[in-house]
Amino acid sequence: MVQIQARSTLAAVSLFAGLFAKAQGISLEVSSNGGNASSSLLYGFMFEDINHSGDGGIYGQLLQNNGLQGSNPDLTAWGKVGDATIAVDSNNPLSSAIPHSLRLDVPKGADGSVGVTNSGYWGIPVDGNDFQTYFWIKGALDGNVTARLVGNGTGIEYASTSIPVSANDKEFTYIEATIPTTKAPDGNVYYELSVDGSEIAGGSLYFGLVQLFPQTYKSRRNGLRPQLANALESIKGSFLRFPGGNNLEGANEGRRWKWNETIGPVEDRPGRQGLDEYFYWCEDMNLSPILGVWDGFSLESGGSTPITGDALKPYVEDVLNELEYVLGDSSTKYGALRVANGRKDPWPLTMVEIGNEDMLGGGCDSYAERFTAFYDAIHEAYPKLTLIASTEDPSCLPSSMPEGAWVDYHDYNTPDGLVGQFNFFDNLDRSLPYFIGEWAQKGVDWPIMQGSVAEAVFMIGIERNSDVVKMAAYAPLLQLTNSTQWTPNLIAFTQSPSMVIETSSYFVQQIFSANRGDTIREITSDSQFGPVYWVASNTDDTYYVKLANYGSKTETVSVKIAGSTKAKLTVVANNDANAANTDTETLVAPVDSELSGKDGEFSLTLPAWSAAVLVAN
């Protein structure tokens with residue numbers, strides 16, 4: 001059977017029997033005409049602070065529990081040095097947002113070093129570059145504070161610097177210092193601040209919001225950890241959806257993500273990643289920001305009661321204030337606040353998602369009302385913004401969606417289930433654009449090769465329909481191996497300096513995202529889809545053919561692209577369907593090869609359980 005594969009409106013024409021095609025391999029011919037435009041945003045990222053993705057992960061600050069925040073602050077990750085005791089202190093708050101400090105009590109007659117330690121998030125990765133430490137200190141001290149990074153159990157010193165400090169017991173004094181380091185072999189390292197005990201014997205010191213940063217991605221203040229940021233940059237994504245997910249909703253209204261508590265100096269923030277920092281992340285990686293806004297519903301255990309009617313109005317107003325902060329100029333109240341916080345120009349926001357997964361937990365019945373309230377207010381104030389509903393379920397949406405609105409579709413599925421969704425998007429209403437805000441294989445601890453190839457099949461289905469499927473984001477994005485709430489994840493990491501674990505799914509995302517054209521082209525084939533799947537696109541004279549072999553046998557394929565003489569083939573494969581890259585072994589990696597074409601025809605072999613990209617020109 002011959003099929004012209006771009007999307008369902010591209011006709012299929014039968015030429016000869018599939019059995020003959022199987023015996024001879026699969027033949028594909030890519031047309032230079034016809035097809036449909038492909039979304040320029042197609043692949044990107046969804047981020048929320050799960051699995052220590054943010055704190056302890058991509059956020060550069062390395063100390064755990066450094067602000068002693070939360071409803072029941074304790075001494076998690078903190079320890080003492082020498083003849084001293086430590087405690088959480090509420091009588092000497094750093095600020096209204098940071099109402100607790102770390103008290104160091106030193107007995108009379110003390111001698112030698114006394115101080116505090118922090119074990120980080122199950123260790124601290126010391127990579128040999130200069131680190132920065134920042135902290136506030138209160139107490140009678142006119143001397144030196146020593147900051148060190150020390151091997152836990154070995155006592156090996158990887159960094160030490162002496163910081164002159166003149167502090168008093170009336171107010172907090174801000175200190176910052178550079179700490180040169182030597183590289184540690186693993187992440188089994190702790191941070192230490194100490195003083196000469198004889199200088200404060202019989203007294204106390206108070207430490208507020210102690211911070212430790214490595215060199216950050218793009219040298220951004222309060223920025224990202226470069227190892228993880230570089231791994232994401234290599235995917236060459238086009239957008240970032242933030243701040244999540246369930247992180248946006250919170251367990252209840254009081255614990256929702258509150259934008260106005262994430263801006264300004266960090267000592268004035270009660271927690272969570274910052275709104276401006278998300279936008280800087282987008283700017284530094286050339287990503288289009290997708291801002292999620294709270295819409296009156298929290299996904300509590302057992303369901304919650306959505307906020308509706310007049311009670312919703314203050315929350316609609318809060319979103320308008322947030323958008324004024326993001327988009328307003330200095331003549332506006334909140335635009336001027338953004339300028340005061342260091343960002344003169346408005347952020348280049350073009351897309352806003354209203355809520356998160358409102359089809360779940362009792363949110364569906366009221367979502368049409370809540371979506372409409374937010375949509376109408378936002379659209380009136382900012383008519384150029386693209387507004388996205390948090391579900392595609394028709395039973396949750398208004399009976400008639402506003403023109404220009406998008407919907408968000410989520411799909412966590414088994415490998416076979418993802419392959420079964422290959423043609424799901426073929427016959428959608430082209431007037432209602434789709435955002436696949438979360439999707440991935442499920443049911444395993446680590447992405448396995450069969451699942452990663454199933455994801456490739458699903459992505460081929462997306463790309464064939466990328467006139468209507470505008471964006472897709474694998475989720476969750478990041479996972480600290482020591483503390484994980486959801487598996488599998490795209491990138492795992494430890495606290496060693498060589499911390500990044502690139503999974504098989506990561507490599508599939510990377511080769512598909514980094515190689516895409518602006519137009520999906522027709523493909524004439526002598527074979528039906530399955531177990532091999534394909535899609536082609538081009539930009540000018542460069543053609544991209546993506547292939548997936550969702551099967552346990554090797555498949556041969558010939559690809560004809562008129563005028564092309566050379567090509568690069570990148571293959572991600574393992575003949576074991578359960579092969580996975582983990583924190584103990586690496587079994588999957590991309591393999592590149594150069595191909596020469598005769599009369600524009602390239603012959604290639606697809607191993608069992610493989611995803612591949614052919615780039616020809």
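Coordinate-derived values only; no laboratory data. Being a predicted model, the structure only gives us computed values, none of them experimental. No Cβ is skipped: glycine too gets one built from the backbone with ideal geometry, and neighbour counts run over all protein chains shown.
If contacts are Cα pairs under 8 angstrom and at least 6 residues apart, what is the relative contact order of the range 78-213 in percent? Don't jump to the answer; show the numbers that get you there.
Values: 362 pairs, mean separation 49.1, N = 136.
Answer for the range 78-213 is 36 percent.
DSSP H helices in the chain with Cα extent of 24 Å or more along the helix axis and mean Kyte-Doolittle hydropathy at least -0.5?
Long hydrophobic helices here: 364-381.
Modelled label-to-label distance, residue 154 and residue 386, 7 Å Cα→beta-carbon offset: nm?
Reported label-point gap for residue 154 and residue 386 is 5.0 nm.
Stretched out fully, how many nm does the piece from residue 218 to residue 283 gain, at 0.36 nm a residue minus the Cα gap? Before the final figure, lay out the partial values.
On the way: separation 65, 0.36 × 65 = 23.40 nm, distance 1.04 nm.
Length gained, residue 218 through residue 283: 22.4 nm.
Rounded to two decimal places and with Rh computed the Kirkwood way over Cα pairs, what is Rg over Rh for the chain?
Working: Rg = 27.2 Å, Rh = 26.5 Å.
Rounded to two decimals, Rg over Rh is 1.03.
Write out the GluC sites (Glu not before Pro) in the range 338-412 meeting two conditions: DSSP loop, and at most 13 other Cβ atoms within 10 Å of their Cβ.
Details: sites: 353, 357, 369, 380, 392, 403; in loops: 357, 392, 403.
Counting only loop positions with at most 13 other Cβ atoms within 10 Å, the GluC sites (Glu not before Pro) in the range 338-412 are 403.
Just need the relative contact order of the chain here, percent rounded to a whole number, with Cα pairs under 8 Å and 6+ apart.
18
Starting from the Cα of residue 111, step 7 Å along the direction of its Cβ; do the same at residue 37; then give the gap between the two resulting points in nm.
Between residue 111 and residue 37, the label points sit 8.0 nm apart.
Using a Förster distance of 41 angstrom, determine the FRET efficiency expected from the C-beta separation of residue 599 and residue 427, and round it to 0.05.
Details: r = 36 Å, r/R0 = 0.88.
After rounding to 0.05, the efficiency reads 0.70.
Only helical DSSP H runs with n ≥ 4 go in: add -39500 (n - 2.57) per run for the chain, normalise by residue count and round the 222 nm mean residue ellipticity to 500 deg cm²/dmol.
Details: 11 runs with 107 residues, N = 617.
When only DSSP H runs of four or more count, the value is -5000 deg cm²/dmol.
Which three semi-axes in whole Å describe the equivalent ellipsoid of the range 177-266, each the square root of 5 times a Cα gyration tensor eigenvalue, listed largest first?
Largest first, the range 177-266 gives 33, 24, 12 Å.
Just to check I understand the Karplus step: with θ = phi - 60° and J = 6.51 cos²θ - 1.76 cosθ + 1.60, what whole-Hz values come out for the range 68-76, glycine and proline as x?
These are the phi-based 3J(HN,Hα) values: 6, 9, x, 6, 9, x, 9, 9, 3 Hz.
Under 5 Å between amide H atoms, partner at least 5 residues away or on a different chain: which partners does residue 189 have, H built in plane at 1.01 Å?
Residues meeting the amide H criterion: 124, 152.
Roughly how far apart, in whole Å, are the Cα centres of the range 127-198 and the range 349-414?
Taking the Cα centre of the range 349-414 as reference, the centre of the range 127-198 is 48 Å away.
Hey, in the chain, which Cys have no second cysteine's beta-carbon closer than 4.7 Å?
Cys with no partner Cβ under 4.7 Å: 282.
Order by neighbour count: 285, 459, 401, fewest other Cβ atoms within 10 Å first, most last.
On the way: 285 21, 459 29, 401 18.
In increasing order of surrounding Cβ atoms, one gets 401, 285, 459.
Can you tell me how much longer the chain between residue 340 and residue 444 gets when fully stretched, taken as 0.36 nm per residue apart minus their C-alpha distance, in nm with one decimal?
This chain segment gains 32.8 nm when fully extended.
Fewest Cβ neighbours within 10 Å first, please rank 533, 191 accordingly.
533, 191
For the range 116-133, in order, what is each residue's ³J(HN,Hα) by Karplus, 6.51 cos²θ - 1.76 cosθ + 1.60 with θ = phi - 60°, in whole Hz (x at glycine and Pro)?
10, 10, 9, 8, x, 8, 6, x, 10, x, 10, 9, x, 8, 5, 9, 10, 10
Which ordering of 236, 566 is given by a fewest-first count of other beta-carbon atoms within 10 Å? Let's see the in-between values first.
Details: 236 16, 566 12.
Final ranking by Cβ density, sparse to dense: 566, 236.
Kindly write out, for the range 344-350 in residue order, the coupling ³J(HN,Hα) from the Karplus curve 6.51 cos²θ - 1.76 cosθ + 1.60 (θ = phi - 60°), rounded to whole Hz, with x marking Gly and Pro.
In residue order, the calculated couplings are 5, 7, x, 6, x, 7, 10 Hz.
Assuming R0 = 41 Å, can you tell me the calculated FRET efficiency for the pair residue 178 and residue 255, based on Cβ-Cβ distance, to the nearest 0.05? Provide the component values of the computation, followed by the final result.
Values: r = 37 Å, r/R0 = 0.89.
Efficiency computed from Cβ-Cβ geometry: 0.65.
Considering only DSSP beta bridges with both partners in the chain, what is the antiparallel share in %, to the nearest 5?
Working: 100 of 138 bridges.
Counting DSSP beta bridges with both partners in the chain, the antiparallel share is about 70 percent.
Subtracting the Cα-Cα distance from 0.36 nm times the residue separation, let me have the gained length for residue 395 to residue 74 in nm, one decimal. Intermediate values should be presented prior to the final figure.
Numbers: separation 321, 0.36 × 321 = 115.56 nm, distance 4.53 nm.
Gain in length upon complete extension: 111.0 nm.
List the trypsin sites (Lys or Arg not before Pro) in the range 324-354 that DSSP assigns to loop (not H, G, I, E or B) and whose Cβ has at most 12 other Cβ atoms within 10 Å. Which are they?
Working: sites: 333, 338, 343, 344; in loops: 343, 344.
Taking the range 324-354 and a limit of 12 other Cβ atoms within 10 Å, the loop trypsin sites (Lys or Arg not before Pro) found are 344.
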